Each structure stands twice: as structure tokens, then as C-alpha cells.
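Below is one structure, written out as C-alpha cells, with a few remarks after it.
The values are calculated or read from the model by the stated rules, or taken from the named source; none is laboratory data. For clarity, every value in this text was computed on a predicted model and none was experimentally measured. Cβ placement follows ideal geometry from the backbone for every residue including glycine, while neighbour counts extend to all protein chains displayed.
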Amino acid sequence: MEQSGTSALLQGAVQDIASDVVSALRGGDHVRMSGTGAMDDVEGSLTLAAVRVLGADLLLPHVLFPTPPAPEALAVFRRTVEAFPPRPDAAPTVKWSHWAMSRTLRRLDTSLAGTPAGDQPPEQDAGWLDEATWQVLTHQLAVLAPLAVPGADCAVARAAQRRPVDVARGFVRAVRRRDWQQAAGAGRWLTLIDGVPETLGLETGLDFVELMGGNDPRVALQVQAARVVRAAGALV
């Protein structure tokens, strides 16, 4: 029961923070992490765990818009990166998620300039994506949706770029299976890659995903991110 209660608390924290990010994406404002400065150890650990789940998307509005992050949000993000380094035997998605967070931190935390923490970490291998079936590819890309940002080249983005039809197939499959989070993540990638079939109807598809799954802030985050990217002129 205690473990179930902790999971529910973590899920609630993730949803709350995702809602903050969605609001910032819609308004071009700061991500607000109200109350983090006065958290006790339990609340602080829960917040760090929630930020770890959300990953680099916590600061996505400040990557897409020319607004610096609020100091408290940046501090929580930095603490999360430092607190959860991936283990050597961690899954590739875990390593890539941490890599994305580290890259975002270097981009937005000016205090790291000229320090070892500000150095570019080496990219992880993404060869497994080239060998994955289109179903597995779509699932993995949805998990790694925080890497889908304009102009941010990496091995995962290049793998997605090589397989636009497979990602489109995965998007359709996720919609049919009513897996709104996977559909939203795949849709976000599809706004960035070339060669997406025009018959896909991505804009309409994203509207439908938001209509059906938009009550989940994590789905709304991915859909809103896709729309901001499209508005910025990303090719579809």
C-alpha cells in the first residue's frame, strides 16, 4: 500500500509539473516551480523524481522561446541532473534522457560556462533504433520526445529522420490503440522530420489526440510542443 501511495504521489507531481510546462508553452512564460524553495526532504525528493520523469521537457519553453528559466526551476533541474546519473547498465532510453537533460542544462545555465560541467557530454549509441521494428521505433521515440527540438542534432534525431514513414505508421497505430501519450510523442517527432507522407494528416491527427487525451498534461505537453515547433516553421 505504501508503494502504491508513493507511486500515486509521484504521478500527481509529474502531472502538476507537466501542467506548468503546458501553461508556459501556451503563454511563452516561465515554468513556475512554486514552493520548491521551502520543500522538506520528502517533498524535495518527490519533486526531483518527478522532474526526472519529465526530463528535459521541464525547461522546453525556455529552449523554444527566448526567455531565461526562473532560478528555482533551473536549480531543481540542475539538482535532478546531478542526483540521477545513469548507471552503466541503464537502458539506452535512460542514458539518452539524461544526456538530453545535461544538454539542456548546459544551454540554459550560464554559470556552467568554462567549467567541466559545461562540457559537451559524449553522445550515446543509437544504433538500436535503426534495427528496431517500426512499432518499437515509435515507442522508443515517444519515450525520447524531449530530444525532439528544432536544430538540436543528435543520433536519435538522425535515426528518426531516416525513417519518416515508419514513424508515421507508428503514429497511426498509437491513435488506433488509443495510446495518446505515444501518439503525441510520435506526432512531435513528425513535426521535425522530412518525408512525412502528406496523406497522414498530421495537423488533424494532433487535434484528435488532444481532444481525446488532452486531459492528461503529459499528452497536452507533447501536442503543444509540436504546435510551437510547427509555428516556428519546422518542416513536416
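Structure summary
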| quantity | calculated |
| --- | --- |
| When residues of region 84-97 are limited to those that are in contact (Cβ under 8 Å) with a residue 24 or more places away in the chain and under 14 Å from the mean Cα position of the chain (by Cα), the one farthest from P146 (Cα to Cα) | K95 |
| Test: residue in region 117-136 that is more than 19 Å from P92 (Cα to Cα) and of a type outside the set (D, E, K, R) | yes |
| Where a residue in region 63-78 is farther than 11 Å from L108 by Cβ and its partner, wherever it lies, is of a type in the set (S, T, Y), with Cβ under 7 Å and at least six apart | E72/T36; V76/T36; V76/T47 |
| Filter result for A155 (modelled with pLDDT of 90 or more, within 17 Å of the chain's Cα centre (by Cα) and buried (at least 20 other Cβ atoms within 10 Å of the Cβ)) | no |
| Filter result (more than 15 Å from A160 (Cβ to Cβ) and within 12 Å of the chain's Cα centre (by Cα)) within region 185-219 | R218, V219 |
